[in-house]
1. Explain nothing, just the number: dipole magnitude of segment 20-90 about its Cα centre with +1 on each Lys and Arg Cβ and -1 on each Asp and Glu Cβ, in debye rounded to the nearest 20.
2. Of Asn73, Gln44, Tyr85, which is farthest along the charge dipole of the chain in the positive direction, counting Lys and Arg as +1 and Asp and Glu as -1 at C-beta?
3. Once the other residues with Cβ under 13 Å from the Cβ of Gln61 are scored (Lys, Arg +1; Asp, Glu -1), what is the net sum?
4. Per residue and in Å³, how big is the convex hull formed by the alpha-carbon atoms of segment 4-53?
5. Over the Cα atoms of the chain, what radius of gyration and what Dmax do you get, in Å?
6. Treating cross-link reach as a plain straight distance, find the lysines whose alpha-carbon is under 26 Å from the alpha-carbon of Lys52, omitting any fewer than eight places away in the same chain.
7. Treat the count of other C-beta atoms within 10 Å as a stand-in for reagent exposure and order Phe88, Phe83 from fewest to most.
8. Angle, helix 2-89 long axis vs. longest principal axis of the chain, Cα atoms, 0 to 90°, nearest 10?
Amino acid sequence: MRNLQEQLQLANQEKTWALELWQTASQELENVSKLYQEHMTEAQIHVFENQKQKDQLNNFQQLTKKLHVANENIEMVSGNNHFLYLIFTN
């Protein structure tokens with residue numbers, strides 16, 4: 001009878017240790033899951049900011065092209081005005 005009681009007590013201890021181990025593993029899994037979500041959120045923010053910078057660069061490049069075209073037009077008009085000035089003043 002005493003042997004059976006000791007076996008039952010050992011079985012209960014093993015059950016307690018197994019539950020503690022399971023709880024620890026469950027908590028670790030939850031921590032890893034939180035870290036993963038944080039990492040994914042940071043990665044998504046990085047991707048969003050990167051896309052925003054690309055869009056801004058694209059807009060800047062388009063504006064630069066428009067400014068170059070406008071500058072060429074101004075230079076052409078200025079040259080034409082100077083040419084007309086030379087024609088009419090001579």
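All of the numbers you see were taken from the coordinates with simple rules; none came from a lab. These figures come from a predicted structure and were not determined experimentally. Glycine gets a Cβ as well: all are built from the backbone with ideal geometry, and neighbour counts include every protein chain shown.
1. 600 debye
2. Farthest towards the positive end: Tyr85.
3. +2
4. Residue-normalised Cα hull volume stands at 28 Å³.
5. Final numbers for Rg and Dmax: 38.6, 132 Å.
6. Lys65, Lys66
7. Phe88, Phe83
8. Relative to the chain, helix 2-89 is tipped by roughly 0 degrees.
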